[in-house]
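Reading through the structure tokens given below for one structure.
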Amino acid sequence: MLRISIQTILRGALMAGGIGIFLAATSPLEVVAQDRTPMRIAVEGAFPPFNYLDANNKLQGFDIDIANALCEVGKFECQFIIEKWDDIIPNLVAEKYDAIISSMSMSLERRQKVAFTEKYYNSPSVFIVRKDSSINDISPAALSDKKLGVTSSTAQESFANHLYPEMKKTVFRSSPELYKGLADGNVDIILEDKLAIYDWIANTKAGSCCEFKGPDLVDITYFGEGAGIALRLDDKERLTRLNEALKSIKADGTYDMINAKYFPFSIQ
């Protein structure tokens, strides 16, 4: 039987930089698992190019890449959960997951229910019409007899209900359905997040039917001050860690690389 003294083992470990004994006791995978905090992240999965399911039913998009980067830097062991938009805040509060990273605008109404990190991107809202539309004036009076499309439980729906009360509205379940409703002529005009619909208008055959109409809409009351990561109001430690991680990926260039993957301009 081969025998080897403990002194020989120690001497060999020291010559190798002292890592031999540590690796024998704890594997790299075990070290990672011990160092990371579990975090369940909710996403809608129906808001391209920010979060969506690809042909292989795998989550993709700007939100997903940002979330993965934050999990790496912040030392979180992350799990994604696809959730209906209408249920996404109630189920966060009910502790069915720990964070929402799904392009959620930080409106005053939402701030009463959840806490937000610093913004991770900013985007105005905008009206969109078909190119053959006769609509030129987007004032409430001019649009009072038009059909408006919005997505359910969004800042755009709330804005339209309060500032365009006379308009007939069709509420769609998701952004892709909203876009199709406009292209098919089921509504005359839609209100949407500008960055969310940018790729559809600029890079798809279906979206070539349509164009932005009127100025960008920026209203803190309804649209907040950009998109943030939503957490439960009492989750102070996670809020601090995510803000630190967000600052880190912006400083080291990771954020800019993800930004460039989806947009030819900065969305900070």
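The values are calculated or read from the model by the stated rules, or taken from the named source; none is laboratory data. Computed from a predicted structure; not experimentally measured. All Cβ positions, even for glycine, are placed from backbone atoms using ideal geometry, and neighbour counts span all protein chains on display. Note: accessible area is taken over every heavy atom of the protein model, side chains too, but ligands, DNA and RNA are not part of it. Shrake-Rupley method; radii C 1.70, N 1.55, O 1.52, S 1.80 Å.
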- Any chance D216 is surrounded by fewer than 13 Cβ atoms within 10 Å (Cβ to Cβ) and in a strand (DSSP E or B): yes
- Go through S107, S103 for me and flag whichever is in contact (Cβ under 8 Å) with a residue 24 or more places away in the chain, in contact with a strand residue (DSSP E or B) (Cβ under 9 Å, 6 or more places away or on another chain) and hydroxyl-bearing (S, T, Y). S103
- Item | D87 being assigned by the TED database to the domain that holds D256, among the acidic types (D, E) and under 13 Å from the mean Cα position of the chain (by Cα) | no
- Query: Taking only pairs six or more apart or across chains, which ones have beta-carbon atoms under 8 Å, a first residue in the range 212-241 that is farther than 23 Å from F62 by Cβ and touching a residue at least 40 places away in the same chain (Cβ under 8 Å), and a second residue that is among the β-branched types (V, I, T) and open to solvent by 40 Å² or more (accessible area, probe 1.4 Å)?
  - Reply: R232/V93
- Kindly indicate which of E95, E77, E83, E118 is surrounded by 21 or more Cβ atoms within 10 Å (Cβ to Cβ), of a type in the set (D, E) and in contact (Cβ under 8 Å) with a residue 24 or more places away in the chain. E83
- Among the listed residues N68, N91, N57, which satisfies the condition of being at pLDDT 95 or above, of a type in the set (S, T, N, Q) and either within 22 Å of L195 (Cα to Cα) or assigned to a strand (DSSP E or B) (or both)? N68
